[in-house]
Amino acid sequence: MKQVETNDIVYGVHAVVESLEANVGNKLYLQDDLRGKNVDKIKALATDKKVSISWTSKKSLSDMTSGAVHQGFVLRVSAFAYTELTDILDRAGQEENPLILILDGLTDPHNFGSILRTADATQVAGIIIPKHRAVGVTPVVAKTSTGAVAHVPIARVTNLSQTLETLKAAGFWIFGTDMNGTPSHKWDTRGKMALIIGSEGKGISANIKKQVDEMVTIPMKGHVQSLNASVAAAVLMYEVFRKKV
């Protein structure tokens, strides 16, 4: 059973192609003066998927996307269906040394989209986000993820603390990111893992930090004391992935 969100749009070549291939497109808007291989490819895909096409001015497309870079392609999509936590656990159960990513209060859609791209590349079993005070799947997230949003299961939960208890009961070891912890290159990534990435400004919230089994730190030698959330997540996802392959 999936949790369904409100109707939305996606835009840009990659996001539109992925959404059409995932059969969630309802209506395609193409910039009326646009020509080229991408237009032909997306038009043919929409026709194959029986999605209606509307040739629309560049200004209208900009209005629809609040001025974002749409590349001349906007797709109205069905409601985004979040995955149930149990489905992510089932998927993780079929993998060796699975990694589930937990985003604690992330608010920047660009960071979320970038994390999704890396999660897809490194075969993360799923991502868990809180329902409140955090970014969900938006058109910006879909665009930034360049289609990864269609391939990485995302669960949205009401209570992150209870979710961590569920993960622990399922045999997951809970890791967090902190300035003081196990250096990432010495991190033991065997077994079932759940990695918490904190919010852009405050990091992992205090009540969630209490449930962490082990903190992991990314060694840094420069003047900057912290990394962007999506960069930190990418470094750690690749550390896990590196030890798998």
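Taking strands (runs of 3 or more DSSP E) that fall entirely within the stretch 165-245, which contain at least 1 residues that are in the same structural domain as I100 (by the TED database) and farther than 22 Å from I129 by Cβ?
Numbers: elements: 173-183, 193-198, 214-217.
Hits in the stretch 165-245: 173-183, 214-217.
Can you tell me how many residues in the stretch 216-231 are of a type in the set (A, V, I, L, M) and buried (at least 20 other Cβ atoms within 10 Å of the Cβ)?
Adding up the residues that qualify gives 2.
Any residue that is in a helix (DSSP H, G or I), among the β-branched types (V, I, T), in the same structural domain as G198 (by the TED database) and within 19 Å of N228 (Cα to Cα) - is there at least one of those in the stretch 91-113?
no
So D87 passes all but one of these: (1) buried (at least 22 other Cβ atoms within 10 Å of the Cβ); (2) not in a loop (DSSP other than H, G, I, E, B). Which condition number does it fail?
(1)
For the stretch 50-66, which residues satisfy the criterion of being under 25 Å from the mean Cα position of the chain (by Cα) and either open to solvent by 60 Å² or more (accessible area, probe 1.4 Å) or among the β-branched types (V, I, T) (or both)?
Correct list: T65, S66.
Give me the helices (runs of 4 or more DSSP H) completely within the stretch 1-75, filtered to those with at least 2 residues that are under 27 Å from V152 (Cα atoms) and either without any contact (Cβ under 8 Å) to a residue 12 or more places away in the chain or of a type outside the set (F, W, Y) (or both), ordered by residue number.
On the way: elements: 13-21, 37-48, 58-64.
Fully inside the stretch 1-75 and qualifying: 13-21, 37-48.
Scan V140, V149, V124 and give me the residue that is surrounded by 22 or more Cβ atoms within 10 Å (Cβ to Cβ), at negative phi and not in a loop (DSSP other than H, G, I, E, B).
On the way: V140 fails: surrounded by 22 or more Cβ atoms within 10 Å (Cβ to Cβ); V124 fails: not in a loop (DSSP other than H, G, I, E, B).
Just one listed residue meets the conditions, V149.
Looking at A125, A169, can you tell me which residue is among the small types (G, A, S) and touching a residue at least 24 places away in the same chain (Cβ under 8 Å)? Explain how you work it out, then say what you get.
Numbers: A169 fails: touching a residue at least 24 places away in the same chain (Cβ under 8 Å).
On inspection, the qualifying residue turns out to be A125.
Could you check the stretch 102-127 and list, in sequence order, the residues that are over 10 Å from the mean Cα position of the chain (by Cα) and polar (S, T, N, Q)?
Those that are over 10 Å from the mean Cα position of the chain (by Cα) and polar (S, T, N, Q): T107, T122, Q123.
Answer yes or no as to whether I196 is in contact with a Gly (Cβ under 6 Å, 6 or more places away or on another chain) and either open to solvent by 40 Å² or more (accessible area, probe 1.4 Å) or modelled with pLDDT of 95 or more (or both). First the steps, then the outcome.
Numbers: in contact with a Gly (Cβ under 6 Å, 6 or more places away or on another chain): yes; either open to solvent by 40 Å² or more (accessible area, probe 1.4 Å) or modelled with pLDDT of 95 or more (or both): yes.
Judged against the criteria, I196 is a match.
The values are calculated or read from the model by the stated rules, or taken from the named source; none is laboratory data. Here the structure is a predicted model, which is why all the values come from computation and not from measurement. Virtual Cβ from ideal backbone geometry, glycine too; neighbours counted across all protein chains shown. Ligands, DNA and RNA are stripped out before the accessible areas are found, and what is left, the full protein with its side chains, is counted by its heavy atoms. Shrake-Rupley method; radii C 1.70, N 1.55, O 1.52, S 1.80 Å.
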